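Structure record follows, encoded as structure tokens.
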Amino acid sequence: MHDPSDYDSVCSDEDFMNVIQGAETPPLMNYDEFMVKTMDERQHIQKKTFTKWINSHLSNTQCTPVNDLFLDLRDGHRLLALLSTLTQTQLKPEKGRMRVHHINNLNKVLQVIQQHGVKLVNISSDDIVGGNPKLTLGLIWLIALEFNGQHLVKSHSSNGVEKSLLAWARQYTDPHGLALNDFASSWADGRAFLMILAAHLDELDLERALAQHALQRLHLAFDLAHRHFKIEKLLDAEDVHTHKPDNKSIQMYVMCLYHAMESMRAIERDRVPCTSITDLDEVPLDNERELYASDSATSMELKSPAEESSVRPLSTATNVSVEISSYQAALEAVLTLLLEDEQLLSQDLPEPENFQAAKLQFHENESFMLKLTEHQEFVGEALEEGSNLINESQKKDGSSLSQVDQNEVRQQMVLLNERWETLRLRALDMQAKILMRLAEFQKQKLEQLRQFLTNVEDRISHMSDLGPTLAEAEQQLAEARQLKADLSEQQELVDSISSMVVIVNDTSGNFNDLEDRLSALGERWSHVVKWIDLRTEKLQQYKCISRWLDAREQDLKRMESRDVTDVGGITQRINELNYCAKDLLELQRYLVDLRQMVAATLQDGDDKGERVLMQLESYEDRLDALKQILEVQTQRIESKGFNFGRERASFDDSRVLRPEGWVDYQMIIRFGEDEGEEEDEDEPEQKQSQQQQSQHANSIYGASGQPKEQDQTAFRAALLQ
């Protein structure tokens, strides 16, 4: 029975004094209000307990801990991380923040649970996405029962787990006269927890601990369990020390106790002293041990030879011709290989100075592990030869090997197996260290790139819009080019990150989410590069448009001031007008593109943006004026009897050549000022092309340079103007 003094008073001292002094007592709640309050309190306790339980499993992952159970599980990311830890598999969530991605993640969670034989009733992904408290708690409880409770009983029933868990706890409480009837009030005073712990901790003075107050007992029990068995404090002593503690919360904590206690007992039961050997022939034969001792706690890629020999078919050499010399030869061969491996493992592992050195060390170790896998086959063959030798000797009723010789072979095989196990564990330990170092360098590289991208994004956020003045645009263009140069300097870092090592199904936690982080940084890098390229191009456009307009105005003024009358001059003028028409169309396209971009990003009160739009509109007015001048010039040539026809400019007209001395501003916008200089070097070729064009005109108008007979009248009229 419980000691009444263990429980705190229902009323606080302040409430009690208020009643004594005649203060008005609070009204009693009706039954419905009482039930609602009780359910809310129980839900709150379960929420705290289940949150701590999930976070205890997520602590070894890269996943962010759960803060609000009903909100943080809605996207399915943390539930998949929890199941990955519990099932020792890799369950990746879908990338994306839309509801459909959350639904798909949660459907995967429910599918994994159902694959383990759990029947889900009235729980759907929509309920979890919607943050339904009752069904969210129910889902976590089912997961805990399946992966924490099913070692107790081969049943997916919560009643079966509860009865088995209660029976396990009673074996520690019954000797002390404490009856456990449930997972509620029987645990409220903390005595049951202390009795279970006392059976596994010699340092715990049970009699002294039981003499403490109930809250002190609970605090002591939770502290001891956390200190000695690494059990998270899922429960708060104040939540347990009530008249009716929450059943599921206490069950979850006791399941954690069960796993910790039974794991410790299993380790102590299976612990076997290891003998260090260097010469198998010198080992005494007075102690027979079981031949094939397996290490069930190790599940790495290198298996023990005992496991190998259990699945390898027996050698066909099992007749009387099997001699001990064959076994001795196999034994000597494998001992030579193991000695080489042990010498390599005994060397000090150098600390890599940088990422490339760590990566090289990883690949060297990878080659060593592959070689070790081959040596494992030799160990298995030697054990197989020894086993066949003993079996054949027993069939011959001792006519082959004596009992003493058989015992010696057995002892050698046992020690060979132990030597291999020691070597294997050392190799795996070295591999873990190398992977840990590699992971640290990779994390440093990722962090370095992350910080750089964060800095670049911050610089981008402080960059102003275009212009509005040309001086400001020039300064902005210099800033953009500097940022582009800074990105180029980090290209080596990006290339090194793109060749990182990702370990699939890694259980150490060193490579968790590495692939996702790489993908996220790659997207950020690509976005920054595209943004700065686009900004540089737009700034170059904005800066060049004014110069472009000035140049074409000067070109048209020169044509206006210089009339042409000869055929060669008219032909050249036609080419100039065609090129100018084509060039102005390109200029118009750049202006429209810029104006649309500025208008799309314009916000209320953006004075700079308004000024840029006004500047672009003034440029468009100047462009319209240039088009009118161009049209007048074209009509003047046509009035002399020359029609442009198919020679009129278009975007795809490759026959139009850039006139001598005209600057190609499209090339400057795309490639910078240097490109214009390179284009000037090509002027001789353009002159030659223009000469060829004049020759072509002569073939049209005749060798005399005059138009053909039908056009002579019009031509003379043009000359007289």
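Looking across the stretch 205-236, the residues that are under 13 Å from Ala188 (Cβ atoms) and buried (at least 18 other Cβ atoms within 10 Å of the Cβ) come down to Ala214, Arg217, Leu218, Ala221, Leu235. Being β-branched (Val, Ile, Thr), within 46 Å of the chain's Cα centre (by Cα) and modelled with pLDDT of 85 or more is the filter here; which residues of the stretch 581-633 pass it? Residue satisfying the conditions is Val592 alone.
Yes/no matrix, rows are residues, columns are (1) over 21 Å from Ala439 (Cβ atoms); (2) assigned to a loop (DSSP other than H, G, I, E, B); (3) modelled with pLDDT of 90 or more:
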site: Lys47; (1), (2), (3): yes, no, yes
site: Thr51; (1), (2), (3): yes, no, yes
site: Ser56; (1), (2), (3): yes, no, no
site: Thr61; (1), (2), (3): no, yes, no
site: Thr64; (1), (2), (3): no, yes, no
site: Leu79; (1), (2), (3): yes, no, yes
site: Ser84; (1), (2), (3): no, no, no
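Selection of the stretch 157-184 for residues being surrounded by fewer than 17 Cβ atoms within 10 Å (Cβ to Cβ), assigned to a helix (DSSP H, G or I) and modelled with pLDDT under 90 yields Ser158, Asn159, Gly160, Lys163, Ala167. Any residue in the stretch 399-408 that is hydroxyl-bearing (Ser, Thr, Tyr), assigned to a helix (DSSP H, G or I), out of contact with any helix residue (DSSP H, G or I) (no Cβ under 7 Å at 6 or more places or on another chain) and more than 30 Å from Lys530 (Cβ to Cβ)? Scanning the stretch 399-408 turns up no residue that is hydroxyl-bearing (Ser, Thr, Tyr), assigned to a helix (DSSP H, G or I), out of contact with any helix residue (DSSP H, G or I) (no Cβ under 7 Å at 6 or more places or on another chain) and more than 30 Å from Lys530 (Cβ to Cβ). Test Lys248 against the criterion of being in a helix (DSSP H, G or I), open to solvent by 30 Å² or more (accessible area, probe 1.4 Å), within 22 Å of Val66 (Cα to Cα) and not acidic (Asp, Glu), and give yes or no. Here the answer is yes, as Lys248 does meet what is asked. Of all the criteria given as (1) surrounded by 16 or more Cβ atoms within 10 Å (Cβ to Cβ); (2) at pLDDT below 90; (3) of a type outside the set (D, E, K, R); (4) under 17 Å from Ile45 (Cα atoms), the one not satisfied by Thr242 is (1). With the structure loaded, tell me whether Thr565 is of a type outside the set (Phe, Trp, Tyr), more than 15 Å from Pro468 (Cα to Cα) and open to solvent by 30 Å² or more (accessible area, probe 1.4 Å) or whether it fails that test. Yes.
Would you be able to say whether some residue in the stretch 454-476 is buried (at least 18 other Cβ atoms within 10 Å of the Cβ), over 28 Å from Ile545 (Cα atoms) and of a type outside the set (Phe, Trp, Tyr)? The answer is yes; a qualifying residue exists.
The criterion of being surrounded by fewer than 19 Cβ atoms within 10 Å (Cβ to Cβ) and either outside any helix (DSSP H, G or I) or modelled with pLDDT under 85 (or both) does not hold for Pro93. Among the residues of the stretch 127-141, those that are open to solvent by 20 Å² or more (accessible area, probe 1.4 Å) and within 28 Å of the chain's Cα centre (by Cα) comprise Asp127, Gly130. Within the stretch 100-112, residues that are assigned to a helix (DSSP H, G or I) have Cβ atoms under 6 Å from residues that are of a type in the set (Ser, Thr, Tyr) and modelled with pLDDT under 90 in these pairs: Ile103/Ser125; Leu106/Ser125; Asn107/Ser125, counting only partners at least 6 apart in sequence or on another chain.
The set of residues from the stretch 345-359 being loosely packed, with under 13 Cβ neighbours inside 10 Å and either within 20 Å of Asp429 (Cβ to Cβ) or small (Gly, Ala, Ser) (or both) comprises Ser346, Gln347, Asp348, Leu349, Pro350, Glu351.
So which residues in the stretch 589-619 are closer than 22 Å to Lys557 by Cα and crowded, with 16+ Cβ neighbours inside 10 Å?
Narrowing the stretch 589-619 to residues closer than 22 Å to Lys557 by Cα: 618-619.
Matches in the stretch 589-619: Tyr619 only.
Would a scan of the stretch 329-344 turn up a residue that is at pLDDT below 80, assigned to a helix (DSSP H, G or I) and open to solvent by 80 Å² or more (accessible area, probe 1.4 Å)? No: zero hits.
The values are calculated or read from the model by the stated rules, or taken from the named source; none is laboratory data. The structure presented is a predicted model; accordingly, all values stated were derived computationally and were not measured. Heads up, the Cβs are rebuilt from the backbone with ideal geometry, glycines too, and the neighbour counts pull from every protein chain shown. What goes into the accessible areas is simple: the full protein's heavy atoms, side chains included, and nothing from ligands, DNA or RNA. Shrake-Rupley method; radii C 1.70, N 1.55, O 1.52, S 1.80 Å.
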